[in-house]
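Engineer: One structure coming up, written as structure tokens, with questions to follow.
The values are calculated or read from the model by the stated rules, or taken from the named source; none is laboratory data. Given the structure is predicted, the values throughout are model-derived calculations rather than measurements. Counting neighbours? That spans all protein chains shown, and the Cβs are built from the backbone with ideal geometry, glycine included.
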Amino acid sequence: MSKVLVSIVCTNYNKGDWITDAIESFLRQKVDFTYEIIIIDDKSTDHSPDIIREYAKKYPEKIRAFYNTKNLGITQTWIKVCKEAQGKYIARCDGDDYWIDDSKLQKQVELLKKNKDSLWCSTDYDTITPEGRVTHRSAFETGLVDKSMSYAEMLVSKLLTMSSTWLVDTHLMREVNVGMDKTAVDDTFNIQLDLFNKTKLTYLPEATAVYRLSDDSDSRPVDIEVIRSRNERLLKTQLEYVEKYKDTDYAEIIKLLLHRNMQNEMWATERMQIIKQQKYYIGQLEEMVKARDKQIIDIVNSKKYKVGQAIASPVSTVKSILKPGSK
């Protein structure tokens, strides 16, 4: 029987600039139990596999590394690597995030031991830029991001519990993985919907990890067509889960939808008012510019202006301005 209590599972694809931060944060964990680090590379094309190999060679008793022979995508890679976990719990952390609390695992294990009806724990987090600059502390607790604490909230709002902070019972995680759509646009969305139906979430209101926000990532596209495609696929997932869990209290979901619809209408109305105000101010500025342009033209065409300009010019120019018939 394995003595490992926690299996840290880290997926990597072209995270060469950041994977070192993740691995170092795993190695810094201070615990009173045994844990292992499992890293899987999804056929990266950058230097990240070399970094992973170096760490696996340096810490063979702690790190096990796996390398896909072809790119499978995050969902299939996650399902595959979870089968390798030897611990009672799986702690997830994506290759571009890392942990900032060296006691993260210890705190979460103790919480789940106390909460017997919970098999899943998450925490608060900080946000950083791709370069590592902190942009916001404690995103949940300060209200920067709304946290989901129920299936209904997750289904309606498509929010997050910050997957790089998760500690989940291994058997439960594998059970969820078996029934997951391998083509899911966002594997964590599906996982969270299932976990909320199978257990209670234990939340630690302390930031233990960072979420690296980068433009045009899979979860934050900027191209409008990519955004449209992603949202359509997420809607498809939502509708599938309505059918999957028919015994859910949909009265609560309807209430959340109505409230969200009202908020969206108010948001749209406020933005329209702002646009109207901006158009009004732009119109005023355009009129001011036209009036100023006319004043400048009138001044340039005036006799006083021409004389003033000619003072520094040859005498002949002055005479030509003052000759009969000139303005």
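The rows are residues; the columns are (1) within 25 Å of the chain's Cα centre (by Cα); (2) at pLDDT 95 or above; (3) not basic (Lys, Arg).
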residue	(1), (2), (3)
Thr45	yes, yes, yes
Lys57	no, yes, no
Lys62	no, yes, no
Ala65	no, yes, yes
Trp78	yes, yes, yes
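Engineer: Another question, if that's okay. How many residues are β-branched (Val, Ile, Thr) and either in contact with a Cys (Cβ under 9 Å, 6 or more places away or on another chain) or free of Cβ contacts under 8 Å to residues at least 24 places away in the same chain (or both) when one looks only at region 54-83? Can you show your working first?
Structural biologist: So in region 54-83, the residues β-branched (Val, Ile, Thr) come out as 63, 69, 74-75, 77, 79, 81.
Remaining after also requiring either in contact with a Cys (Cβ under 9 Å, 6 or more places away or on another chain) or free of Cβ contacts under 8 Å to residues at least 24 places away in the same chain (or both): 81.
Going through region 54-83 one residue at a time, the tally reaches 1.
Engineer: With respect to Gly143, determine if the residue is touching a strand residue (DSSP E or B) at 6+ places or on another chain (Cβ under 7 Å), more than 14 Å from Leu204 (Cα to Cα), small (Gly, Ala, Ser) and in a loop (DSSP other than H, G, I, E, B).
Structural biologist: Numbers: touching a strand residue (DSSP E or B) at 6+ places or on another chain (Cβ under 7 Å): no; more than 14 Å from Leu204 (Cα to Cα): yes; small (Gly, Ala, Ser): yes; in a loop (DSSP other than H, G, I, E, B): yes.
So Gly143 fails the test.
Engineer: So, in region 1-18, of the ones that are more than 19 Å from the chain's Cα centre (by Cα) and not in a loop (DSSP other than H, G, I, E, B), which residue ends up farthest from Gly87 (Cα to Cα)?
Structural biologist: Kept after step one, since they are more than 19 Å from the chain's Cα centre (by Cα), are these residues of region 1-18: 1-9.
So of that shortlist, the ones also not in a loop (DSSP other than H, G, I, E, B) come out as 4-9.
Working: Val4: 5, Leu5: 4, Val6: 5, Ser7: 5, Ile8: 9, Val9: 11 Å.
Once the filter is applied, the top-ranked residue is Val9.
Engineer: Specify the residue that is farthest from Asn197 (Cα to Cα); the eligible residues are those in region 139-181 that are at pLDDT below 95 and polar (S, T, N, Q).
Structural biologist: Among those that are at pLDDT below 95 and polar (S, T, N, Q), it is Ser157.
Engineer: OK, next. Ser48: under 30 Å from Thr199 (Cβ atoms), in contact (Cβ under 8 Å) with a residue 40 or more places away in the chain and of a type in the set (Ser, Thr, Tyr), yes or no? Steps first, answer last, please.
Structural biologist: Values: under 30 Å from Thr199 (Cβ atoms): no; in contact (Cβ under 8 Å) with a residue 40 or more places away in the chain: yes; of a type in the set (Ser, Thr, Tyr): yes.
So Ser48 fails the test.
Engineer: I've got another one for you. Go through (1) in contact (Cβ under 8 Å) with a residue 40 or more places away in the chain; (2) surrounded by fewer than 21 Cβ atoms within 10 Å (Cβ to Cβ); (3) more than 24 Å from Ser214 (Cα to Cα); (4) not acidic (Asp, Glu) and name the single condition His171 misses.
Structural biologist: With (1) in contact (Cβ under 8 Å) with a residue 40 or more places away in the chain; (2) surrounded by fewer than 21 Cβ atoms within 10 Å (Cβ to Cβ); (3) more than 24 Å from Ser214 (Cα to Cα); (4) not acidic (Asp, Glu) applied to His171, the lone miss is (1).
Engineer: Which one of Thr77, Thr135, Thr129 is more than 24 Å from Leu256 (Cβ to Cβ), buried (at least 20 other Cβ atoms within 10 Å of the Cβ) and among the β-branched types (Val, Ile, Thr)? Break it down stepwise before answering.
Structural biologist: On the way: Thr135 fails: buried (at least 20 other Cβ atoms within 10 Å of the Cβ); Thr129 fails: buried (at least 20 other Cβ atoms within 10 Å of the Cβ).
Thr77 is the lone residue from the list that is more than 24 Å from Leu256 (Cβ to Cβ), buried (at least 20 other Cβ atoms within 10 Å of the Cβ) and among the β-branched types (Val, Ile, Thr).
Engineer: List the pairs whose first member sits in region 222-249 and is over 16 Å from Asp181 (Cα atoms), whose second member is at pLDDT 85 or above and hydrophobic (A, V, I, L, M, F, W, C), and whose Cβ atoms are under 9 Å apart, counting only residues at least 6 apart or on separate chains?
Structural biologist: Thr248/Ala152; Thr248/Leu155; Thr248/Val242; Asp249/Ala152
Engineer: Further question on the same structure: Here is a list: Val109, Val31. Which entry is farther than 21 Å from Lys182 by Cα, of a type in the set (A, V, I, L, M) and part of a loop (DSSP other than H, G, I, E, B)? I'd like the intermediate steps shown before the answer.
Structural biologist: Numbers: Val109 fails: part of a loop (DSSP other than H, G, I, E, B).
Of the residues listed, the single one that is farther than 21 Å from Lys182 by Cα, of a type in the set (A, V, I, L, M) and part of a loop (DSSP other than H, G, I, E, B) is Val31.
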